[in-house]
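In what follows, a structure is listed as structure tokens, so that the remarks can point back to it.
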Amino acid sequence: MESNWKKFVFITCLLSVGLIGFRVFNRAPILPESATREETISTLSATVANSPTKTSLRWRLPKPSLRQEPSLETVASAPIEPPADSDELREWARQNPEKALAWMRSAAAGEARDTVVEIVCARVAESNPAGAVLLAERYAGGCSNLLENLVHQWADQNEPAARAYAMNKPPGDERDRLFSRVAFTRSKENPADAAKLVAEWILPGEVQNEAAISVLHQWALLDPDAALAWAQLFPEESLRNRALKEVEVMIPNQPE
């Protein structure tokens, strides 16, 4: 039995080698024995270029997936020199957003770059708020107001995505301010949910107080009674009195 198995393996190997040899013989370029090295290389290169095997392999290669920053238009490779004056710089960035985007990516951190980043991010945010937030994180130099405004604009277009972005931030003042913008946007449709965001995700303090008042105002526009009930639950007396007054002015014909 073992002898028969060895014969079978031996015959199979011979057939495989013969088949490979047949394919190579039929596909290999016919080169004369007197062919020069350059002629040999040229013939082999042409054969590989026309090989269906190469085409198949290239077709199977996956395309690279890169997280790229947003771009506005193709920018010329010529050196870019923006104006030095701050007012002229702003106007230049507004009139030339493509060049401004290219310049800020290689510019040194500073007031000039911050100015251009603000203009460019506002332009990008019109169609791609998530991309604008990415640009602000990389180039704004810690300008929190810009990031807040962009997240607010993002929340207007895609509140769940903006909320998820804020949730991924570490606890602190920046996250609190981002959540105050998300909560305000949410309060226009679901003030109860927005109130929950303020209570659970913003740390006690001035940012939370202002976020609560902004949500309360929107809630009073939709449902004054529910807004009043929430205002009465505020634990701090001065904030509670302020909240009650905020709601009372929204309720007509209140009995004295």
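The values are calculated or read from the model by the stated rules, or taken from the named source; none is laboratory data. Small disclaimer: the values here were computed from a predicted structure and weren't measured. Every residue, glycine as well, gets a Cβ built from its backbone with ideal geometry; the counts of neighbours run over all protein chains shown.
Exactly one residue among E206, E246 is surrounded by fewer than 20 Cβ atoms within 10 Å (Cβ to Cβ) and modelled with pLDDT under 95, and that residue is E246. Here K169 meets the list (1) under 30 Å from R123 (Cβ atoms); (2) in a helix (DSSP H, G or I); (3) in contact with a helix residue (DSSP H, G or I) (Cβ under 8 Å, 6 or more places away or on another chain) almost entirely, failing just condition (2). May I ask you to list the residues in the stretch 209-243 that are loosely packed, with under 13 Cβ neighbours inside 10 Å and of a type in the set (D, E, K, R)? Correct list: D225, E236, E237. Being within 22 Å of E200 (Cα to Cα), without any contact (Cβ under 8 Å) to a residue 24 or more places away in the chain and either surrounded by 14 or more Cβ atoms within 10 Å (Cβ to Cβ) or not basic (K, R) (or both) is the requirement here; does N168 meet it? When the stated conditions are applied, N168 passes them.
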